[in-house]
Amino acid sequence: MKLLLTGCTGFIGRELIPSLIKEGHSLTVISRQSKGQLKSIANEQDINFIQMNPAESSSWNKERIQNALKSCEGVINLAGEPIAEKRWTDAHCKEITNSRLETTKNLIKNLRNLKKSPKVLINASAIGFYGSNSQTEFTEENIPGNDFLANLCKEWESIAKNKPRATRLLIVRIGIVLAKDGGALGKMLPIFRAGLGGPIGDGKQWMSWIHRTDLCNLINASIKNSAWSGVVNGVAPNPIRMNEFSNSLGQVLGRPSLLAVPGPILKLILGDGARVVLEGQNVKPQRLNKLKFKFSFPSINDAFQSILA
């Protein structure tokens, strides 16, 4: 298929773009980054690249993006500033919000103006939709929470639902994505390899995670399969508590997991963003199970063995 991608030049895109090319799709990639960013991801000849800020409505008026929209058969929208990498200042919260909501508003508005709608839109969301509760096991049927991230995800999903009537929509509520070249695990690895790793906070909080390969595989499956619509939780079937995550990582690396990172220190570094790591959620992929999706890495040990082999 001819696919239009937003937000795919970062951590997830590094694996997603090559896997989509391997499947035989032709890609148009929209990004604020320069074209040079793609060199480490894929052969530039395989990709039609458009540099623009998709959160600015005026950038969608250019001829190249309009032509790409007219010919595209599917859209993957993963655009969004990383959530847990900086302090949640007012300015950063605005960036987190606008990078998701304004991009998706502009995308949907332009899709609705097309004479021929794309067949499918795969739109990212996050398990932050559910809010935090250590006692609740969340599935796709749970109602949203009521904090900053939950309200952001709720609005993000609501905008995506305004897609053209003929376009099938799949919303993927993504958990903590694991791979060694970025994300939460990428940050933890140097500390653990130095023998200084350990659980963050009290270690009892849930971590609902997914191996990046499984996330890419589920996106690939959803492009092909018309039964995939609505919402799916993009998480592995076996969430674990933070102390188990730390112990497993320490064992695979042959390093003890001894030193807990106190919550107040993390709050000092990340501000409110620390809540993502300190509170956690127990989220299950109920709909992926019903859709018979086969995880390559269902357990944390499978994931670590693959990532760190």
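The values are calculated or read from the model by the stated rules, or taken from the named source; none is laboratory data. What you see is a predicted model, and the numbers here were worked out from it, not measured in a lab. All Cβ positions, even for glycine, are placed from backbone atoms using ideal geometry, and neighbour counts span all protein chains on display. What goes into the accessible areas is simple: the full protein's heavy atoms, side chains included, and nothing from ligands, DNA or RNA. Shrake-Rupley method; radii C 1.70, N 1.55, O 1.52, S 1.80 Å.
Here is a yes/no grid of residues against (1) open to solvent by 20 Å² or more (accessible area, probe 1.4 Å); (2) of a type outside the set (A, V, I, L, M); (3) farther than 19 Å from Arg241 by Cβ:
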| site | (1), (2), (3) |
| --- | --- |
| Pro144 | yes, yes, yes |
| Ala160 | no, no, yes |
| Gly175 | no, yes, no |
| Gly182 | no, yes, yes |
| Pro190 | yes, yes, yes |
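For segment 145-200, which residues satisfy the criterion of being without any contact (Cβ under 8 Å) to a residue 12 or more places away in the chain and basic (Lys, Arg)?
Scanning segment 145-200 gives Lys161, Lys187.
Across segment 2-12, which residue is surrounded by the fewest Cβ atoms within 10 Å (Cβ to Cβ) among those that are in a strand (DSSP E or B) and of a type outside the set (Val, Ile, Thr)? Reasoning before the result, please.
Taking segment 2-12 as the starting set, the residues that turn out to be in a strand (DSSP E or B) are 2-6.
Next cut, of a type outside the set (Val, Ile, Thr) only: 2-5.
Values: Lys2: 14, Leu3: 22, Leu4: 25, Leu5: 25.
For segment 2-12, the residue satisfying everything is Lys2.
Spot the failing condition for Ala236; the list is (1) more than 17 Å from the chain's Cα centre (by Cα); (2) touching a residue at least 12 places away in the same chain (Cβ under 8 Å); (3) part of a loop (DSSP other than H, G, I, E, B); (4) within 27 Å of Cys8 (Cα to Cα), and only one is missed.
If we test Ala236 against (1) more than 17 Å from the chain's Cα centre (by Cα); (2) touching a residue at least 12 places away in the same chain (Cβ under 8 Å); (3) part of a loop (DSSP other than H, G, I, E, B); (4) within 27 Å of Cys8 (Cα to Cα), just (1) comes out false.
Give the residue, chosen from Ile50, Ile122, that is without any contact (Cβ under 8 Å) to a residue 40 or more places away in the chain and either closer than 21 Å to Val177 by Cβ or not polar (S, T, N, Q) (or both).
Values: Ile122 fails: without any contact (Cβ under 8 Å) to a residue 40 or more places away in the chain.
When all the criteria are applied, what remains is Ile50.
On the given criteria, is Glu15 open to solvent by 20 Å² or more (accessible area, probe 1.4 Å), touching a helix residue (DSSP H, G or I) at 6+ places or on another chain (Cβ under 9 Å), part of a helix (DSSP H, G or I) and not aromatic (Phe, Trp, Tyr)? Spell out how you get there, then give the answer.
On the way: open to solvent by 20 Å² or more (accessible area, probe 1.4 Å): yes; touching a helix residue (DSSP H, G or I) at 6+ places or on another chain (Cβ under 9 Å): yes; part of a helix (DSSP H, G or I): yes; not aromatic (Phe, Trp, Tyr): yes.
In short, yes.
Before we move on, is Ala260 under 23 Å from Asn133 (Cα atoms), open to solvent by 30 Å² or more (accessible area, probe 1.4 Å) and among the aliphatic types (A, V, I, L, M)?
Working: under 23 Å from Asn133 (Cα atoms): yes; open to solvent by 30 Å² or more (accessible area, probe 1.4 Å): yes; among the aliphatic types (A, V, I, L, M): yes.
For Ala260, the condition - under 23 Å from Asn133 (Cα atoms), open to solvent by 30 Å² or more (accessible area, probe 1.4 Å) and among the aliphatic types (A, V, I, L, M) - is met.
Go through segment 47-68 residue by residue and tally those that are in contact with a strand residue (DSSP E or B) (Cβ under 7 Å, 6 or more places away or on another chain) and farther than 15 Å from Glu102 by Cα. It would help to see each step written out before you state the result.
If we filter segment 47-68 for residues that are in contact with a strand residue (DSSP E or B) (Cβ under 7 Å, 6 or more places away or on another chain), which is where we start, we get 47-52, 54, 64-65, 68.
Applying the additional criterion that residues be farther than 15 Å from Glu102 by Cα yields 47-51, 64-65, 68.
Final tally of qualifying residues: 8.
For segment 66-85, which residues satisfy the criterion of being free of Cβ contacts under 8 Å to residues at least 40 places away in the same chain and surrounded by 19 or more Cβ atoms within 10 Å (Cβ to Cβ)?
Selection gives nothing.
What number of residues within segment 94-129 are among the hydroxyl-bearing types (Ser, Thr, Tyr) and open to solvent by 10 Å² or more (accessible area, probe 1.4 Å)? Reasoning before the result, please.
Restricting attention to segment 94-129, the residues satisfying the condition of being among the hydroxyl-bearing types (Ser, Thr, Tyr) are 97, 99, 103-104, 117, 125.
Filter again for open to solvent by 10 Å² or more (accessible area, probe 1.4 Å), leaving 97, 99, 117.
The number of residues fulfilling the criteria is 3.
Given the conditions (1) within 30 Å of Lys161 (Cα to Cα); (2) surrounded by 18 or more Cβ atoms within 10 Å (Cβ to Cβ); (3) in contact with a Phe, Trp or Tyr (Cβ under 8 Å, 6 or more places away or on another chain), which single one is not true for Leu249?
The one condition Leu249 does not meet is (1).
Over 25 Å from Thr97 (Cα atoms), β-branched (Val, Ile, Thr) and open to solvent by 10 Å² or more (accessible area, probe 1.4 Å), is that true of Ile21?
On the way: over 25 Å from Thr97 (Cα atoms): yes; β-branched (Val, Ile, Thr): yes; open to solvent by 10 Å² or more (accessible area, probe 1.4 Å): yes.
So Ile21 passes the test.
Can you find a residue that is farther than 20 Å from Leu78 by Cα and modelled with pLDDT of 90 or more anywhere in segment 206-216? Let's see the steps before the verdict.
Residues of segment 206-216 farther than 20 Å from Leu78 by Cα: 206-207.
Checking the rest, the ones that are also modelled with pLDDT of 90 or more come to 206-207.
Yes, the conditions are met somewhere in segment 206-216.
If you go through segment 165-193 one residue at a time, how many are of a type in the set (Lys, Arg) and touching a Ser or Thr at 6+ places or on another chain (Cβ under 7 Å)?
Quick first cut of segment 165-193, residues of a type in the set (Lys, Arg) only: 165, 168, 173, 180, 187, 193.
Add one more test, that the residue is touching a Ser or Thr at 6+ places or on another chain (Cβ under 7 Å), and what stays is 168, 173.
Final tally of qualifying residues: 2.
Could you list, in sequence order, the residues of segment 31-82 that are modelled with pLDDT under 95 and β-branched (Val, Ile, Thr)?
Residues satisfying the conditions are Ile41, Ile47, Ile50.
Condition first: loosely packed, with under 15 Cβ neighbours inside 10 Å, at pLDDT below 85 and either closer than 26 Å to Thr136 by Cβ or more than 16 Å from the chain's Cα centre (by Cα) (or both). Can you find one or more residues in segment 269-284 that meet it? Please lay out each step first, then the result.
Restricting attention to segment 269-284, the residues satisfying the condition of being loosely packed, with under 15 Cβ neighbours inside 10 Å are 269.
Okay, now just the ones that are also at pLDDT below 85, so 269.
Narrowing further to those that are either closer than 26 Å to Thr136 by Cβ or more than 16 Å from the chain's Cα centre (by Cα) (or both): 269.
Taking every residue of segment 269-284 in turn, at least one turns out to be loosely packed, with under 15 Cβ neighbours inside 10 Å, at pLDDT below 85 and either closer than 26 Å to Thr136 by Cβ or more than 16 Å from the chain's Cα centre (by Cα) (or both).
Restricting attention to helices (runs of 4 or more DSSP H) lying wholly within segment 249-309, give those where 1 or more residues are touching a His at 6+ places or on another chain (Cβ under 7 Å) and not aromatic (Phe, Trp, Tyr). Working first, answer last.
Numbers: elements: 263-270, 275-278, 286-290, 300-308.
Hits in segment 249-309: 300-308.
Do the conditions hold for Ser57, that is, is it within 30 Å of Phe148 (Cα to Cα) and surrounded by fewer than 17 Cβ atoms within 10 Å (Cβ to Cβ)?
On the way: within 30 Å of Phe148 (Cα to Cα): yes; surrounded by fewer than 17 Cβ atoms within 10 Å (Cβ to Cβ): yes.
Yes, satisfied.
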